[in-house]
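The values are calculated or read from the model by the stated rules, or taken from the named source; none is laboratory data. From a predicted model like this one, the values you see are computed outputs, not experimental measurements. Here Cβ is always computed from backbone atoms with ideal geometry, including for glycine, and neighbour counts include all displayed protein chains. Note: accessible area is taken over every heavy atom of the protein model, side chains too, but ligands, DNA and RNA are not part of it. Shrake-Rupley method; radii C 1.70, N 1.55, O 1.52, S 1.80 Å.
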Amino acid sequence: MSQEVSSHFPLTHHPEGVPVDVILSRVIPGGDEVDFASFYAGEFLTDAAINAAAEQLFRNVDNMAQFYLAIGATAVFEMDGNVDSLLPDFNTEEGQLYNVQNCNNHWILHHVNFDDRSMRFLDSLPGSIPVIKIRQYQNQLARMFQSRYDIDRNSWRYHAAVHVPRQRDAFSCGDFCLAFLQELLKGGLGEMDRLDPLEIPTRRLSIAMELLKKDVNGRSMLAAGPDERSEDRTRKMLILFHRRHQLRSTSNSLKILIDQSSQNDDSSGDVKARKLALETEVRHASAFNTRLPGGEYYVSSGPTLVTLTRIRRCKSGLTQESKRIHLDDETEVCNSGETSAKLPDQHGTPGNLERGRTGRRPRQFHPKNQTPGYEYEADNGVRWKLGGDGRYHRMCVNKSCPFPAREGDTCRACLSGRKPPKWHPKNQKPGYEYHDDDGVRWKLHVNGKRYVRMCANNSCPLLADKNGTCKSCRSGTNPRKSHPRNQSPGYEYEDDEGVRWKLGSDKAYCKMCSNKPCPLLALKGGDKCNSCRSGRKPNKKHPTNCNAGDEYEDYEGLRWKLTDGICWVQICCYEKCNNKSRTFNMCRSHLRKCGIGVYPGDESMIYLLRWLNLSKIAAGVVCNMTILEDLEQAAIQHLELEGCTDRFLKRAGWTPDTGNVIPLCMAPASKRFHFKFYARTMLGGGISTLTRPRVNTLTQMDQQVVNNAILANLNNLPKPTLYKMSKLDFWKSNAIFQTYINGVDGMRSMRKSDIVAIQTDVDNTIREGAYENAEEDEDEDEEDTNDYWVYVMRWINLNSYPADVVCNMTILEDLEKAAIQHVALGRCTDRFLKRAGWTPDTGNVIPLCMATASKRCHFKFYARTMLGGGISTFTRSRVNTLTWEDKEVVHRAIVAKLTELPDPTLYRMSQMDHWKEDEKFQLFWNTRRQRLVKSEILSILKDTEDTIRSGAWAQAEEEEDCENSD
């Protein structure tokens, strides 16, 4: 079948010369060659391309246990009852479902585990999609599963983002989704850290090759080059698809502009300039080959297709109405009435180009409107260059040679065997580096006149010798790392190997933790910091020098607000909502709107969570409150936040009994803190740093509600908790409690020595965890080489009396400035004294001693211990690694400053065994205490403690739940 056409165009082109899509929907459902063009390097993968590649990974997977939900399938669920995209017989007890979300031109992978009813998401570029959008998408999935499989949508648990390798560019998010999917199908999240971020985008070629092999048109394209490797042939086809897509899109844009300007009668200069630019782009795109290789193809049978050669109607098995066309070879053109002829040149110029009849080389048509020096490669592999005379000159067949051909296909230098001179980029700055076509690195010398050859090791900053490598690489020694210069302290960058570096205050670069969101430095000889190596959550670093009311969004998409100028509080992830975030990063109101079960009104549930030690024995409880009806989920959220004292037990490997949460009683919003802290006090303090024995405002009836709830749950309380309760006067006079602990199920089931040992283990675990946390939280620069000053600052109470000291450290020589900065930061326990109106004596800072960088935390904590604890929540009595000589330095420094220490500090020191045996201290103290009144000293110490506890109470009311207007 043939058709008469007055002009000549390549097959599979519109009469305007624009390529039409070749059908590729057998392997890409609903897709065409435009989707295949997205596999070209530097392009975004389309939804259809990602779906096809994902289905390719699932070909050898049990679809009853592993299921991929295609992109766009969730849209049909906006209509109730339309659930055809989900398998009806899917295993909803143990199955795994995967889906890719597209938002803001970014793709992330969702992993749905039906086994434990959990949802996770894997994001290669955190922050590109707001967390609220992700949560809304997961809620949509939950509604889908409820409609299809009758699974309660409130039964799902949403986990935070999984830490995965991050992409290094702006276009490979689809590639990372496919890589994450492939690793999950292999067996879990454990191998994600081994993925190479630079290797993942290179997988496109193999994916495209496998997809082409599955398609009838794709096999024709691959078969057109039987002597080429499939990878090379696929690479050429991707280039061809990319060219055709560029020509198609540019031509369509030009046509739309012409139609709009004609309708609006717009002939302004701006329209003309845009039209000229588009016409130039079309000419440039038309200068390259956009024709398919020889073979048989199925193409759309639309009315605009020029069908000029052998075409037969057939049943292709495709969804589109199609025609099968045959291209004899790449240079065939179809004239009127012919079935086989030569194709025109790349500009569509007709003519008989058979060399057999004339014996002459066909005329070469070159791109027009180019600048002198422009180079391109024709379809036959010949290189051409536009000279200053406006003519194109044929270049040497040796592609690395910059000279034109003189005799035959080669230049004179290559013909004579001489090596042509090296041509380097011009007008560059000294230090400029580049790779030539042979992969050799060159660097412009400091004189800016000549290029020097670099070492063959791409990460080496040294110059090469005659062997092509430097002496360091040849001898096996590590070359010196070259870092950016002229940067300020705190500057961070990532090198070619993906390693992050940070410039310290000593002008030395330090290696950072390989966990990209983590702000800490890596340990010496390792790739991770102490927190990430031990599995602990890295400390949150907030912006500094901010004012009260300032807001910001972190790299995870969480919103934070500075409430009182000191404490950062997480707020609702919904924009324009400034309410305190409760759970799932949302406030109470938006939790209700999203269908998450919360208690009615503003009530909260007071609940207890038991902790099991390493021997799996219940060691104590933590008392908390929540608005969630699902107490197990509330306990899990509490553990993930790591905001309370029991976080140290979690980091030490203790087990939270989240499956057996103990509900106590309901508390109204206005009294929820008072209920919680009263319950904690009546439980003997629980697992808490501060029991907060502040005067409670609960009525007698409110207190009775808490007491009755505790009595009703005595069977569920651990024995150490019952033991601490038995020391309280209230429970000593309570008949029900005394009857229980004296019974068979009470205290008699465990020996007193075992209970005391468990309590000591709890205290030591918390203290040691706090010690390790302080080593990183206060100064994470573990590779700093500077010496530190350990100093003491006095605090003066409201009666203008020096009450106690705080011990700290600094690298600043100006200790007064260091003390002022410490007070301004408000991170340590003495911040509560500042809020209470006490005065820091920054003008009379007491210097103790110098400490080396590697032992600075040990020096500070040992000095704090020898000062009787100072103003600190934890005295940190952990065994110190200081040598005897180091401790003597601290002792001598304290003895030399005894006259400057406050009387309450000296009193607490006098109670320590070490100072009781120190002659110099005893001589000074015996003289000093004669003018002191012990009751006044004890009153000052109690005032200090009560001020700190009251401040901690007030902060808890602000940090844990500061708003009452949800």
Roughly how many nanometres apart are two label points built 7 Å out from the Cα toward the Cβ at Arg168 and Asp259?
4.3 nm
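Rounded to the nearest 0.05, what FRET efficiency is calculated for Lys671 and Thr839 with R0 set to 25 Å and r the Cβ-Cβ distance? Working shown, then result.
Numbers: r = 34 Å, r/R0 = 1.36.
Approximately 0.15, to the nearest 0.05.
Taking 0.36 nm per residue of separation and subtracting the Cα-Cα distance, what length does fully extending Ser475 through Glu94 add?
Working: separation 381, 0.36 × 381 = 137.16 nm, distance 5.52 nm.
Result for the pair: 131.6 nm of gain on full extension.
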For Ala273 and Asn764, FRET efficiency with R0 = 45 Å and r from the beta-carbon atoms, rounded to 0.05?
0.05
Using a 1.4 angstrom probe on the protein heavy atoms only, could you order Arg391, Arg153 from most to least accessible area?
Arg391, Arg153
Go ahead and run the numbers for FRET between Tyr374 and Lys186, Cβ-Cβ distance against an R0 of 45 Å, rounding to 0.05.
0.40
Along the Cα-to-Cβ line of Ser249, 7 Å from the Cα, sits a label point; which residues in segment 93-129 have backbone N less than 15 Å from it?
105-106
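Set the bar at 21 Å for Cα to Cα. Now go through Lys580/Lys676; Lys186/Lys516; Lys561/Lys817; Lys236/Lys399; Lys443/Lys466 and name every pair that lies beyond it. Show your work: numbers first, answer last.
Numbers: Lys580/Lys676 19 Å; Lys186/Lys516 24 Å; Lys561/Lys817 27 Å; Lys236/Lys399 18 Å; Lys443/Lys466 16 Å.
Correct reply: Lys186/Lys516; Lys561/Lys817.
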Roll a 1.4 Å probe over the protein heavy atoms and report the accessible area of Arg406 in Å², nearest 10.
150 Å²
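Could you put Val34, Val598, Val397 in order of accessible surface area, largest first, with the 1.4 Å probe and the full protein assembly present?
From most exposed to least exposed: Val397, Val34, Val598.
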For segment 782-959, what % of the accessible area comes from carbon and sulfur atoms, probe 1.4 Å?
49 percent
Using the Kirkwood radius over C-alpha pairs as Rh, can you work out the diffusion coefficient of segment 782-959 via Stokes-Einstein at 4 °C, viscosity 1.567 mPa s, in µm² per second?
77 µm²/s
Checked against the positive end of the charge dipole of segment 374-416 (+1 on Cβ of Lys and Arg, -1 on Cβ of Asp and Glu, about the Cα centre), the farthest of Asn380, Met395, Cys411 is Cys411
Given a 1.4 Å probe and the protein chains all in place, what does the accessible area of Glu281 round to, in Å² to the nearest 10?
100 Å²
Under the 0.36 nm per residue contour assumption, what length would be gained going from the current alpha-carbon distance of Glu919 and Thr697 to full extension?
74.9 nm
For Val598, list long-range residues whose amide hydrogen, built 1.01 Å from N in the peptide plane, is under 5 Å from its own amide hydrogen.
Glu629
Given the whole protein assembly as supplied and a 1.4 Å probe, what does the accessible area of Thr46 come to in Å², nearest 10?
40 Å²
GluC sites (Glu not before Pro) within segment 453-514, DSSP loop, no more than 11 other Cβ atoms inside 10 Å:
Glu497
Ordering Leu867, Leu125, Leu848, Leu938 by the accessible surface of their heavy atoms, 1.4 Å probe, largest first, yields Leu938, Leu125, Leu848, Leu867
